[in-house]
Amino acid sequence: MDAHKQAFIEEATELLSELELTLLSVENNPEDEDLIAKIFRALHTIKGSAAMFGFDEITMFTHDIETAYDYIRNGTLKISKEIIDLTLAARDMISIMLSGQDGQNSMDEAKTREILLAFKNLTIKAGHETEKIAEEKSEQHVKEIIMPVEADKIFLISFKTFPEMFVTGTNPLLLLNEIRELGKAVIIVRQDSIPDIEEIDPEKCYMSWDIVLKTNKGLDAIKDIFIFVDDQCEIKTENIDDIVNLNDEDDFINLKKLIQANMQAGNQDVKQIIKTNHKGLMLEAEAAHAKAEKKKVKTAAEAHNEGDSATSIRVSADKLDELVNLVGELVITQARLSQIALSSNEPSMVSLSEEVERITWSLRDSALNIRMLPIGSTFSKFKRLVRDLSRDLKKEVELTTDGAETELDKTVIEKLNDPLVHIIRNSIDHGIELPEERMHNGKPRVGCVHLSASQSGGSVLIKIRDDGAGMDKEAIKAKALRMGLISENAELSDSEIYELIFAPGFSTAEKITNVSGRGVGMDVVIKAIDSLRGTVEVESKRGEGSTIILKLPLTLAIIDGLLVQLEKEFYVVPLSSVEECIELTRNDIEKAHGRHVVNIRGEIIPYINLRERFVVEGAAPEIEQVVIVGIKGNRFGIVVDKVIGQHQTVLKALGKMYKNVEGISGATILGDGTVALILDVMKIVEKEEIEERVYN
């Protein structure tokens, strides 16, 4: 696809997102003139840009919607829920048109017709057109949008009114405005028939017009404009493609000046004026184009010399990914250089290695920061979801947000959309009660779903809180028991009970609906968050609501890790989950009497021995190391042979053969070329807990 068209699609997509947010805002503030003006500007920009890049269906489709908002802006038409619903539907239709190749063959004709006729009916109610004329024009407009667009043609139209036209209530200026809507036009008014002021009858029309029109609508569209006044005027239309060529604004301006100058000199035949002077007209247009280009180049050069450059540029996401991958390779190479420098004992080599390391770390931080985006762009998408879902479920729900400026890696944000959709849908369907039930329980009629984000160290916390009915622990336990997820005499904490909702196929819904009941939603959530190396926590209080907390890493490309060793193999523990490291002696093991626990300053902390978990052969050292990690508010220990130290870890995906290996989330390459596996600490801990829960 043409680069300019691709840029238009990207910009139009952003405008559509802003349009959706503004529509949802104006629904709560219908008197806000700034919001209404913002909607009009967005529609006008989309319409104009679409015409420029050949998306003619979008241009024509948006026209009537823009007209309705022009009436709203002028106070003739009032904003209403009906108009907002229609505009949101129109926004979705434009998005569908954009997704098709060059906007062609990508629309639902029935839906298009329905939306356009609905907007036209709104203008009828506003009293701007008679119903008969409006219906005729609406049907014709819909046909023009759905039918293939013809090539541009240039017509010369002679429009001469009969003096009695005003008596019938016809305004010729409105007809001229409709001609302008068909394309680009030069309109020349003739005043030679106007009598002296003493003889003028104010109820008669004495003027006529010559119009040069460039349009792709065809001759029939021109005739349709005058269909109801053909007995009140004289219309002549002919194609003049063979004698004139009009490409841009300068061509039209020059043509108008040429016609006016010749008419003042006494030549009243517009066609003859164009035919006689079209070569000179074209030469003048070419000179104007050359002058404009020269000025443009000069302006660009001056701006460059003055250092007045753009504050931001649009960069392809693929280029950013390639940059981060190259930085990752540089980090690996730098680690190798550091290892060689230390083993050489050459001071100059060590100094150079340290300088390269400093630059590499700075470059790494800069590259990752480029990919960081505010999460507010994701939050804002859910306002439409909440609005539509609450309407379908006959509930009243509002979405509030906090911490929209919190930044996350673009890769994390992209993968976060589906989990949040499922969580919000469940909050509204299962959590928020019907308005009557809420009022009966002493709650506000309108329920609330609150999205918040905040940064905590190297992670981001996203909370989805609702003020609904909360979760029924007994119902969850009963369903889990029937599914065989827990034993009958299992003793579970509240958090462990709530975590059961993430099991595949789990649902407490009594019947299947379009929203829930099939037990796949929360299963999708846990899989997606696991793939992001994140964690999920659930808090709930019966009658007061529920909160789901997502803890996610800032980035998935390069992380700070703690390098540890087990026999001759190396592993990396994500540093964001590490709290401290302690020694584990034989004496400590004997004091525990066979239990995997360690006493740290009076606190008993369980640990997992990686030698036993990974079935590593060989004898353990006399003094082992325990890496204390924090998972979901609890502390656990990971026992290893040796802690090497902090390590910049470039994440590499494992092959397909190893994608289902539990406890390993990826791999990295060390400075000497050795592969180190990255531990999925949460999975290791969860596996230990699940086995204990089921078998004990």
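Read-outs: derived from the displayed coordinates by stated rules, not from any lab. A quick note: this is a predicted structure, and the numbers were derived from the prediction, not measured. Reconstructed Cβ throughout: ideal geometry from the backbone, glycine too, with neighbour counts over all protein chains shown.
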Among Ile589, Val573, Phe614, flag the residue with its Cα farthest along the positive direction of the charge dipole of the chain, charges on Cβ as +1 for Lys/Arg and -1 for Asp/Glu. Ile589
Which one of Val685, Ala89, Met522 has its Cα pushed farthest toward the positive end of the charge dipole of the chain, where Lys and Arg give +1 and Asp and Glu give -1 at the Cβ? Val685
Segment 376-470: antiparallel bridges as % of DSSP beta bridges, rounded to 5, reads 55
Amide H to amide H under 5 Å from Glu433: which residues, 5+ apart in sequence or cross-chain, H placed 1.01 Å off N in plane? Ala469
Past 23 Å, Cα to Cα, is the threshold; run Lys214/Lys257; Lys81/Lys111; Lys5/Lys81; Lys204/Lys236; Lys477/Lys541 against it and keep the listed order. Lys5/Lys81
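Going by how many other beta carbons lie within 10 Å of each one, how would you line up Met93, Met52, fewest first? If you can, show how the numbers build up before the last one.
On the way: Met93 23, Met52 12.
By the 10 Å Cβ count, ascending: Met52, Met93.
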Measuring from the longest principal axis of the C-alpha atoms of the chain, the long axis of helix 109-125 (C-alpha) lies at a number of degrees, nearest 10, equal to 60
Charges only on Cβ, +1 for Lys and Arg, -1 for Asp and Glu: so what's the dipole of segment 317-371 about the Cα centre, in debye to the nearest 20? 60
Among (1) 35.4, 122; (2) 30.7, 102; (3) 26.1, 79, the entry matching Rg and Dmax of the Cα atoms in Å as calculated here is (1)
Going fewest to most other Cβ atoms within 10 Å around each Cβ, Asp269, Asp467 line up as Asp269, Asp467
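Quick check on the exposure proxy: order Ser546, Ser25, Ser99 from fewest to most C-beta atoms within 10 angstrom. Provide the component values of the computation, followed by the final result.
Working: Ser546 24, Ser25 14, Ser99 11.
Ranked by crowding around the Cβ, least crowded first: Ser99, Ser25, Ser546.
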Of Gly183, Leu219, Ile72, which is farthest towards the positive pole of the chain's charge dipole, taken about the Cα centre with +1 and -1 on the beta-carbons of Lys, Arg and Asp, Glu respectively? Ile72
Using Cα atoms only, what is the angle between the long axis of helix 81-99 and the major principal axis of the chain, expressed in degrees (0 to 90) to the nearest 10? 80
Please get the size of the charge dipole for the chain, origin at its Cα centre, with Cβ charges of +1 on Lys and Arg and -1 on Asp and Glu, quoted in debye to the nearest 20. 940
Would you work out if segment 374-553 is rounded, prolate or oblate? Take a ≥ b ≥ c from the square roots of the eigenvalues of the alpha-carbon gyration tensor; rounded if a/c is under 1.5, else prolate when a/b is larger than b/c, oblate otherwise. oblate
Pairwise label distance in nanometres, Asn345 with Lys632, each label 7 Å out on the Cα-Cβ vector: 5.2
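Compute the signed sum of charges (Lys and Arg +1, Asp and Glu -1) over the other residues within less than 9 Å, Cβ to Cβ, of Leu320. Working shown, then result.
Working: positive: Lys319, Arg371, Lys410; negative: Asp318, Asp321, Glu322.
Net of charged neighbours comes to 0.
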Once phi for every residue in segment 329-337 is put through the Karplus expression 6.51 cos²θ - 1.76 cosθ + 1.60 (θ = phi - 60°), the whole-Hz ³J(HN,Hα) values, with Gly and Pro written as x, are 5, 5, 4, 5, 5, 5, 5, 5, 4
How charged is the neighbourhood of Val525? Take every other residue with its Cβ under 11 Å from the Cβ of Val525, and add Lys/Arg as +1 and Asp/Glu as -1. -1
